Amino acid sequence: MFGALALLGGAALGAMLPGTRREDELLRDYRDQLFDEAEKIYHEEKNRVSSAVSAGVEEAKAAVTNVVSAAKGELTDDDGDKAASPENLQKTPGEAKTVSGPAQLGKTPSSKA
């Protein structure tokens, strides 16, 4: 890829410099061939990078969807009750359960109130 970019950069630099009549006579066909090759390589690399970026974006979207689904699953238990109490949000995935009874009010079974 670096070689293709170097070739393209060299071709662009050469295109900016003025040519001479003698240069045109001797190198016209070769120069045109190099420009065509550089343009072909540029389009191939551009398409390859575009495909890679598109694949990355699609993979990122899928990952976000999976994370959101997993998060929604962690915030609800089997009965569909919300398990988003402060205690449950601090637990590791798979440990969150609906809190009921004295623990909801900040009391534990050993607390006497």
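Read-outs throughout are calculated quantities, based only on the coordinates presented, and are distinct from any laboratory measurement. Owing to the predicted nature of the structure, the values given are computational and were not obtained by experimental measurement. In this analysis, Cβ positions are derived from the backbone assuming ideal geometry, glycine residues included, and neighbour counts consider all displayed protein chains.
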Average the reciprocal distances over every distinct pair of alpha-carbons in the range 1-80, invert the result, and give the Kirkwood radius in Å.
16.8 Å
If I model a spin label at TYR42 and ARG28 as a point 7 Å from the Cα along the Cα→Cβ vector, what separation in nanometres do I get?
2.3 nm
Please compute, over every Cα-Cα pair in the range 7-48, the percentage with a separation greater than 14 angstrom.
52 percent
What number comes out for the charge environment of LYS40, summing +1 per Lys or Arg and -1 per Asp or Glu over other residues with Cβ under 13 Å away?
-4
Residues of the range 1-37 with backbone N under 18 Å of the label point set 7 Å from the Cα of ALA52 along Cα→Cβ are 1-9
Once label points are set 7 Å from the Cα along Cα→Cβ at both ALA62 and LEU75, what is their separation, rounded to one decimal in nm?
2.5 nm
